[in-house]
Every structure is written in structure tokens, then in C-alpha cells.
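Single-structure report; data block below.
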Amino acid sequence: MNHQILTKENIFPALSNESFTFFENFYYFNSIESTNTAAKQIIKDNPGKNSIIIAKTQTNGRGRLSRQWYSPPGGLYISYVIKASSNQNKMTLLPLLCANSIHHFLQSIAIDSQIKWPNDILVNSKKIAGILIENIFDTKQQKYFICGIGINVNNHSTDLPKDVLYPSTSIIEEIHKNSDIIESIIKLTHFFEKQYSLFEQNQMNKIIEIWKNASNTLGKNVTIQQKNKTIHGKAIDVDEDGFLIVKTKSNNYQKITSGDCYY
Ligand code: BTN
């Protein structure tokens, strides 16, 4: 297979050739602080559009809970910017639909991944991808979702710092061959669009069902670490908002909206 190199000369024609439902604006950077941070500036400078922002490397890639996302060349760093519809108030499902998209993308290249609540993508207990969802309003009070996705593709886990929660892996380490990043971006975007269409059509139960089937959190005894609180119990369900329901030893049902989950 002839792998395309990720350059602006290659990426723009490849994306323009695709027929995407939601996206028509594309941005590419060789190196940028963070595609999510760039997204915020792009919304300010050029409001009213849905965009895809891609970088070859990030100098200050951001993760959940103010962590860093180390972003060497060879990884896939992308932010989807979408104007929220006025009736769209289920933003808490965005991490789940992004996780489903990554899970389907990995499945399409024969990698079996699991989703760990809320949105870590693991392969054999090693982290292969992460998701950072943000939102912002433009000057006309139009809301935008920024769905940032980072996937370890052709970069090696030895080049990454050890994650505090679990070791890392990458696609190349799982399938032992280089992947075409441009092709990966296109595939991932199609899977993302399928999931986002379900979201737009209010088919939240379908998103949750796919997430549940791909998740390995439910049924496990978990420890939830929040800023000032630790909760122990059994993860029994996710509710219609994507929140984790944990049954504690004292038979209390707790709705978990954020935090780190260990098991
Ligand atoms: C996490 O697991 O903590 C989330 C990592 C999210 C990383 C992606 S890479 C593209 C986008 N830009 C960023 O700065 N972060 C997200």
C-alpha cells in the first residue's frame, strides 16, 4: 500500500474529495499548540461554520482534567467543530459518541478496543486514544461543540510519557504496520458523522447501546476519584445523559458525572 504523507498538499484534496454531511471547512497545521485551542480562535475569526482542524504535531495538546496530551508526529490529532442545534441539550453524550466512533474505526482495522468510562479507549488495558470535549459561544450566542480526538497511530508508546492511569499503546504496536494517517482521518470522520447523525436525530438510546456494548466498565467494581471525593462501588449502568450509575456497599445509587475511574 502506498502511504500518503500528511502534508497540506495531500490532506486538502483528500478531504475535499469526500462527501461529508456536516463538514466543509478544513484546517491543517504542521505544528500547533492544540487543535482544540485553534478551534476556539477559528470560531471567533470565522463564525457560523462547521470545521475540521488537523495537526501533524501539537506543542501543548490538552487532555481531560487539565492533563497534557503528548503529541509527537505519527499520531492523529483532530478537532471537529460543530454548530449546536438550538434544541440540542444532551452535550454530555458527546464523549460517548466520540468513543463509539473511535471504537468503530479501530474495529474497521481489526483492532478490538474497549471503552472505559467516561471516554478512554483501551486495547488490552492500554490506552490508545483520548477525547476532549469543549464548547464555546460566538458573539451571536451560537453554541459550538469542539470534539477533540487524539489517537496513537504510527507513534510508539515508548515515545510517550507513562500515563498516570495506564500504559499506552498505538495502532502500529497492535497491527505491526504503518497506517495511512489521511485514510485514517477520513474513516474516523465518516464514523463520527454516523454517530453525530444519531445525536442530531435524538436517537440517544442507540448511542448509549453502542457505548454499552463496547464498554468494559459495567459490572465492574470501580473506584471513582473526584477532586475531593472517592467513591467505591459496582458500576451498574449509564443513564440517558451518559452518567455512570454506581451502587455503593451501602446500597446507595450514585450518579457519577465526572472523575477518574479505576478497576
Ligand atoms: C484525554 O484522554 O485526556 C483526552 C486527550 C485528547 C487529545 C486530543 S488531540 C486533539 C485535541 N486537541 C487537544 O489539545 N486535545 C485533543
*How compact and how long is the chain, expressed as Rg and Dmax of its alpha-carbon atoms in Å?*
18.0, 60
*In whole Hz, what ³J(HN,Hα) sequence does region 42-51 give by Karplus (6.51, -1.76, 1.60; θ = phi - 60°), x for Gly and Pro?*
5, 5, 5, 6, 9, x, x, 10, 8, 9
_Cross-link pairs Lys8/Lys40; Lys83/Lys194; Lys116/Lys194; Lys234/Lys255; Lys8/Lys56; Lys56/Lys126 - those with Cα-Cα distance over 18 Å_ = Lys8/Lys40; Lys116/Lys194; Lys56/Lys126
_Starting from the 7 Å offset along Cα-to-Cβ, what nm value, one decimal, do you get for the label separation of Ser258 and Thr7?_
4.3 nm
*Count charges around Ile245 for me, please; just the other residues with Cβ under 14 Å from its Cβ, Lys/Arg as +1, Asp/Glu as -1.*
+1
*Which value, in debye to the nearest 20, describes the size of the charge dipole of the chain about its Cα centre when Lys and Arg Cβ atoms bear +1, Asp and Glu Cβ atoms bear -1, and nothing else is charged?*
860 debye
*Pull up all non-local amide H partners of Gly74: gap of 5 or more, or a different chain, and H-to-H distance under 5 Å with H placed in the peptide plane.*
none
*Note the angle between two axes, namely the Cα long axis of helix 8-17 and the longest principal axis of the Cα atoms of the chain, as a number of degrees from 0 to 90, rounded to the nearest 10.*
80 degrees
*Give me the log10 of I(q) over I(0) for region 78-175 at q = 0.16 Å⁻¹, as the Debye formula computes it from C-alpha points; what are the numbers?*
-0.70
*Principal axes first, then extents: for the Cα atoms of region 121-263, list largest minus smallest coordinate on each axis, whole Å, largest first.*
51, 44, 30
*Note down, for region 178-228, the three equivalent ellipsoid semi-axes (square root of 5 times each alpha carbon gyration tensor eigenvalue), biggest first, whole angstrom.*
27, 19, 12
*Give the long-range amide H neighbours of Phe29: residues separated by 5 or more places, or on another chain, with amide H under 5 Å away, using H modelled in the peptide plane at 1.01 Å from N.*
Ile54, Ala55, Lys56
_Between helix 94-108 and the chain: long-axis angle, C-alpha atoms, 0 to 90°, nearest 10_ = 70 degrees
_From phi via Karplus (6.51, -1.76, 1.60), per-residue ³J(HN,Hα) for region 115-131 in Hz, x at Gly/Pro_ = 9, 9, 4, x, 7, 8, 9, 10, 10, 6, 6, 10, 7, 10, 7, x, 9
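Every number in this text was worked out from the coordinates using simple rules, so none of it is lab data. Here the structure is a predicted model, which is why all the values come from computation and not from measurement. Heads up, the Cβs are rebuilt from the backbone with ideal geometry, glycines too, and the neighbour counts pull from every protein chain shown.
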